[in-house]
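The structure appears below as structure tokens.
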Amino acid sequence: MKNKMRCLLSVVLPLLASAVAWAQAPAAADAAAKPASLSYFVWTTVFIAVGFSFTTALAALGQGMAVRGGLEGIARQPEASDKIQISMLLGLAFIESLVLFALFIHIILLFANPFIKYLQ
């Protein structure tokens, strides 16, 4: 139960802390002076932050479950520890590669957004 609470807090607390920055509404004059692409950039940044936080939290949960399963398997069958350990490490590498792919997609959306040309 404690681990689930820690995982939940690791996702919720950064979102709540950033809610203060999201809640600040610009003045009417500032909103009229801003181009539409700036608002689009702000929302893209917000969704990228939320999406990547969600992706890494789920990957961390998956990695924890994989390690737990591997260690339980080694505890039950110590003679098969080499095969279990290799399979576990391969699975962890695949999970981590998904997180890296998500990071690359978020970086592309943040800095070289291909959809910004459809904004104007």
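Do we find that Phe94 is out of contact with any Pro (no Cβ under 8 Å at 6 or more places or on another chain), at pLDDT 90 or above and in a helix (DSSP H, G or I) in this structure? Spelling it out, Phe94 is indeed out of contact with any Pro (no Cβ under 8 Å at 6 or more places or on another chain), at pLDDT 90 or above and in a helix (DSSP H, G or I). Number of residues in the range 30-69 that are charged (D, E, K, R) and at pLDDT 75 or above equals 1. Kindly establish whether Ala19 is in contact with a helix residue (DSSP H, G or I) (Cβ under 9 Å, 6 or more places away or on another chain), aliphatic (A, V, I, L, M) and either assigned to a helix (DSSP H, G or I) or at pLDDT below 70 (or both). Judged against the criteria, Ala19 is not a match. Within the range 46-97, the set of residues being of a type in the set (S, T, N, Q) and either over 30 Å from Leu110 (Cβ atoms) or surrounded by 15 or more Cβ atoms within 10 Å (Cβ to Cβ) (or both) comprises Ser53, Thr55, Thr56, Gln63, Gln77, Ser81, Gln85, Ser87.
The values are calculated or read from the model by the stated rules, or taken from the named source; none is laboratory data. As the structure is a prediction and not an experimental result, all values here were calculated from the model. Every residue, glycine among them, receives a Cβ derived from its backbone with ideal geometry; neighbour counts consider all protein chains shown.
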